[in-house]
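What follows is a set of notes on a single structure, which appears directly below.
The values are calculated or read from the model by the stated rules, or taken from the named source; none is laboratory data. Everything numeric here is computed off the predicted structure, so don't read it as measured data. A quick note on method: Cβ atoms are made from the backbone with ideal geometry, for glycine too, and the neighbour counts reach across all protein chains shown. These accessible areas exclude ligands, DNA and RNA; they are computed on the full protein's heavy atoms, side chains included. Shrake-Rupley method; radii C 1.70, N 1.55, O 1.52, S 1.80 Å.
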Amino acid sequence: LKLFDYFRSSAAYRVRIALNFKGLAAERAYVHLRKGEQMSVEYLARNPQGLIPALETDEHAVLTQSLAIIEWLEETYPQPALLPRAALDRARVRAIALSIACDIHPIDNLRVLNYLTRTLGVTDAAKDAWYEHWCTLGLGALETQLARESATGRFCHGDQPTLADVCLVPQLANARRVSIDVASYPTLARIESVCIALPAFADAAPAKQADAE
Ligand SMILES: N[C@@H](CCC(=O)N[C@@H](CS)C(=O)NCC(=O)O)C(=O)O
């Protein structure tokens, strides 16, 4: 396995957690997003979207989209599992994961923020307000959901880590980077503290990566 990675990419961070959780080693190829390496001819040949992560399998298939990659890992290396067994439980876990991966993360992505400032000419302050608005809106809804649902346990779903936690922890790291007060989401912060005590999560943290700056 070879992961096309960037330490600060929260989508790649999800895949790093999943790989660690399943005890899988992956070679790394670093793609520096701030230097625009995701738009190099070489990388675009692998992923025409120009987004990190991508995972190259041992058979040289290139997988893209972090959740598709993690679902592939789950199907190929089922244990330990990141999805519960029952269909209703799986739907809840996927819904939490997708509320982050589809509704929070994409509109706060680097290329969106660059478009706001470089193309639409909004100020840095307005760009930061955009980020905070969408991030706090999404995290607030997730806090309400997780706080009131009995299916929430030590982790987002029950007492084992799932795909939902794999998405939550990197998104909270992103929120902190833009000075959002994570403590104001007590359920999310509590789950995060349980997750980061596990080596699979801790070792995937941006600061621990070989390309960290
Ligand atoms: N939905 C994609 C999102 C991938 C994504 O947006 N990756 C970001 C880093 S977290 C990226 O490569 N951004 C480059 C850019 O915005 O130019 C996934 O889950 O893999």
Notebook entry, point to check: over 21 Å from ILE104 (Cβ atoms), within 15 Å of the ligand (Cβ to nearest atom) and aliphatic (A, V, I, L, M), is that true of ALA54?
Noted result: yes
Notebook entry, point to check: Can you tell me which residues in the stretch 203-213 are open to solvent by less than 30 Å² (accessible area, probe 1.4 Å) and among the aliphatic types (A, V, I, L, M)?
Noted result: ALA204, ALA205
Checklist line | Residue in the stretch 173-185 that is charged (D, E, K, R), at pLDDT 95 or above and within 15 Å of the chain's Cα centre (by Cα) present | finding: yes
Notebook entry, point to check: So which pairs qualify, if the first residue must be in the stretch 111-137 and among the charged types (D, E, K, R), the second must be at pLDDT below 95, the Cβ gap must be under 8 Å, and the two must be at least 6 apart or on different chains?
Noted result: ASP128/VAL178; GLU132/VAL178
Next item on the list: Please find, within the stretch 113-154, the residue that is farthest from the ligand (Cβ to nearest atom) out of those that are farther than 30 Å from LEU198 by Cα, β-branched (Val, Ile, Thr) and open to solvent by 40 Å² or more (accessible area, probe 1.4 Å).
Entry: THR123
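Just need a number here: residues in the stretch 161-195 that are of a type in the set (A, V, I, L, M), open to solvent by 10 Å² or more (accessible area, probe 1.4 Å) and without any contact (Cβ under 8 Å) to a residue 40 or more places away in the chain.
Going through the stretch 161-195 one residue at a time, the tally reaches 2.
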